[in-house]
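A short reminder: the numbers here are calculations on the coordinates, not readings from a lab. Note that the structure is predicted; figures quoted are calculated from it, not measured. When we count neighbours, we look across all protein chains shown, and the Cβ atoms used for this are built from the backbone with ideal geometry, even at glycine.
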Amino acid sequence: MTDKADNTFLSQNIKGIMMTLIARWNAQMDEARADSEFANVRPADIRVFAQLQAP
């Protein structure tokens, strides 16, 4: 049986894992883009474009 205080434990852990993964992915994308022709494009614009291109 779980206490009411523990009801958000799993959702907070999943949220933290997703935030960590997204931050790592963003850092990898920024590194990969640094020496490309897209180096001057804002990171937020690149992420929107990547989401639009996803299947």
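Couple of notes before you dig in:
- Computed label-point distance, nm, for sites residue 34 and residue 22 using a 7 Å Cα→Cβ extension: 2.3 nm
- Table column - 3J(HN,Hα) (Hz), the stretch 39-52, Karplus curve with 6.51, -1.76, 1.60, x for Gly and Pro: 4, 8, 7, 4, x, 5, 5, 5, 5, 5, 4, 5, 5, 5
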